[in-house]
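K.L.:
Below you will find the structure I want to go over with you.
The values are calculated or read from the model by the stated rules, or taken from the named source; none is laboratory data. All values reported here derive from a predicted model rather than from experimental measurement. Here the Cβ positions follow ideal geometry from the backbone for every residue, glycine too, while neighbour counts run over all protein chains shown.
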Amino acid sequence: MGSLKRQIAKLPEEPGVYKFFDKNGKLIYVGKSVSIKKRAQSYFVGKDLGPKTNKLVQNITSIDYIKVFSEFEALLLESELIRENKPFYNVIAKDDKSPLYIKITSDEIPLIQTTRKEKPVRGIFLKGPFPNTKTTREILKMTRRIFPYCVHKNPGKPCLYVHLGLCPYPYRDGQTKQEYVSTIVKIKKLLSGKSKSLLRDLVHGMKDLSKLQKYEDAAAAKKQIENLQYLMTTYHTPREFMEQPTLVDDLTLTRLKDFQRALNLPKLPKRIECYDISNISGTDATGSMVVMTNGKIDKGEYRRFKIKFSSTPNDYEMMREVLARRIKNNWPKPDVMIIDGGRGQLNAVLSILNKYKYQTTVISLAKRLEEIYTSGKIRPISLPKESPARQLAQEIRDEAHRFAITYHRKLRSKAFIKT
């Protein structure tokens, strides 16, 4: 038990898959969690966990893990490891039921369902098997938030999911049906791990809609892109993690080193902060501060600001207010501050930092061309799309935007309820 305690103490508090082995080095169980360490610890709390789990714990002699970037990756990786290795305690947990799959039918209007039949049928898309019903539902739930789909065959009237925005009701007319069939293609790509090509398709589609002045459809496509980016972060397939278990740490270090080189920093940045402002006509304006620690999103360090400046919409003044309030708090000092915006936002922040004699590296990232503005150069830094440094900056910038707009919507909702 002493050896297991030492192994658990070294486990990361990050999303991923944990693997339990017996005394013969045989893999006996695979699980996933948003915190590998916390989940693994829960097996050794001294409580009665039920006959099967108690027996599992008695047979554990060593623990291994694979870190991933997102919960979605953890779900797919767990399923793939179970499918390939068939660990004993994962298999008996099924209660002798056959494996569970996600099925997309070959009907004129394809339906998304679950099935326990493994035998492939021509035209029917099968993904799996998945370890249990809960995992399957979680995958489908995440998928449906991005791409609403249908589960009922030609209902007489729209069901509850249509009213909740989770089903496009493809039986309405020919155009709706055509759009739905296109959505099914995207869902197949997502479930097959082809998210990078899917993201490219969505971006091209959004641009085409804008050119055609279909702005409402373009806005819907943009929302899908944002949801997909948030879900996938930097997506990698289960096979990539299985072939390179240290993939998360390797890629994180690569991005940090490239970020250090691109900005000519004296050392690898341990703490990176990013700021964004969200407001509509200056009302219920909010600011966000998100943090990366050692190259990874650190939600425990996030902060949000209800902006007091409200005389007129002024992003510069709002950003100055947020930074002034941040500096007055005794939070850990960042190695780099990233500001969402261009040269104007950067200068606004530099004026506040100079006022309080607060020294750190500050850059701004402009959305239109994704150029990086710095205080030491007149011309912005333009990095290629595949640059790890640019991807790191974009990831934390997008997360700051998501965090700010979520808080902004919450405040607007409260204000609406009060009226």
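K.L.:
Among the residues of the stretch 140-161, write down those that are under 19 Å from Glu108 (Cα atoms) and part of a helix (DSSP H, G or I).
P.N.:
Residues satisfying the conditions do not exist here.
K.L.:
Let me ask you something else. State which residue pairs qualify: first residue in the same structural domain as Thr360 (by TED's automatic domain parsing) and surrounded by fewer than 19 Cβ atoms within 10 Å (Cβ to Cβ) and inside the stretch 251-271, second residue of a type in the set (D, E, K, R) and in a loop (DSSP other than H, G, I, E, B) in any location, beta carbons under 8 Å apart, and separation of 6 or more residues or different chains.
P.N.:
What qualifies is Gln260/Lys267; Leu265/Asp335; Lys267/Asp335; Lys270/Asp335; Arg271/Lys333; Arg271/Asp335.
K.L.:
Okay, next question. I need the full set of residues from the stretch 207-225 which are in a helix (DSSP H, G or I) and more than 15 Å from Ile146 (Cα to Cα), in order please.
P.N.:
Hits for the stretch 207-225 are Lys207, Asp208, Leu209, Ser210, Lys211, Tyr215, Glu216.
K.L.:
I'd like to check something: does the stretch 60-67 contain any residue that is farther than 16 Å from Ala9 by Cβ, touching a residue at least 60 places away in the same chain (Cβ under 8 Å) and under 27 Å from the mean Cα position of the chain (by Cα)?
P.N.:
Yes: the stretch 60-67 contains one or more residues that are farther than 16 Å from Ala9 by Cβ, touching a residue at least 60 places away in the same chain (Cβ under 8 Å) and under 27 Å from the mean Cα position of the chain (by Cα).
K.L.:
With Ile8, Ile92 as the choices, which residue is surrounded by fewer than 18 Cβ atoms within 10 Å (Cβ to Cβ), on the phi < 0 side of the Ramachandran plot and at pLDDT 90 or above?
P.N.:
The conditions single out Ile8.
K.L.:
How many residues are surrounded by 15 or more Cβ atoms within 10 Å (Cβ to Cβ) and in a helix (DSSP H, G or I) when one looks only at the stretch 15-40?
P.N.:
4
K.L.:
Taking the condition of being at pLDDT 90 or above and aliphatic (A, V, I, L, M), how many residues in the stretch 270-296 meet it?
P.N.:
Adding up the residues that qualify gives 5.
K.L.:
Identify, please: which residue in the stretch 183-206 is small (Gly, Ala, Ser) and assigned to a helix (DSSP H, G or I) and is, among those, modelled with the lowest pLDDT?
P.N.:
If we take residues in the stretch 183-206 being small (Gly, Ala, Ser) and assigned to a helix (DSSP H, G or I), then Ser195 is modelled with the lowest pLDDT.
K.L.:
Among the residues of the stretch 354-379, what is the count of those that are modelled with pLDDT of 90 or more, closer than 14 Å to Gly344 by Cα and surrounded by fewer than 19 Cβ atoms within 10 Å (Cβ to Cβ)?
P.N.:
Here the count works out to 2.
K.L.:
Let me ask something else. Against the definition (modelled with pLDDT of 90 or more, surrounded by fewer than 21 Cβ atoms within 10 Å (Cβ to Cβ) and of a type in the set (Phe, Trp, Tyr)), how does Tyr302 come out, yes or no? Spell out how you get there, then give the answer.
P.N.:
Details: modelled with pLDDT of 90 or more: yes; surrounded by fewer than 21 Cβ atoms within 10 Å (Cβ to Cβ): yes; of a type in the set (Phe, Trp, Tyr): yes.
Yes, satisfied.
K.L.:
List the residue pairs whose Cβ atoms are under 9 Å apart, where the first residue sits in the stretch 164-180 and is over 8 Å from Cys150 (Cα atoms), the second is modelled with pLDDT of 85 or more and loosely packed, with under 14 Cβ neighbours inside 10 Å, and the two are 6 or more positions apart or on different chains.
P.N.:
Listed by first residue and then by second, the contacts come to Lys177/Glu108.
K.L.:
Would you check which residues across the stretch 331-353 are under 26 Å from the mean Cα position of the chain (by Cα) and either over 17 Å from Glu301 (Cβ atoms) or surrounded by 14 or more Cβ atoms within 10 Å (Cβ to Cβ) (or both) and list them?
P.N.:
Correct list: Trp331, Pro334, Asp335, Val336, Met337, Ile338, Ile339, Asp340, Gly341, Gly342.
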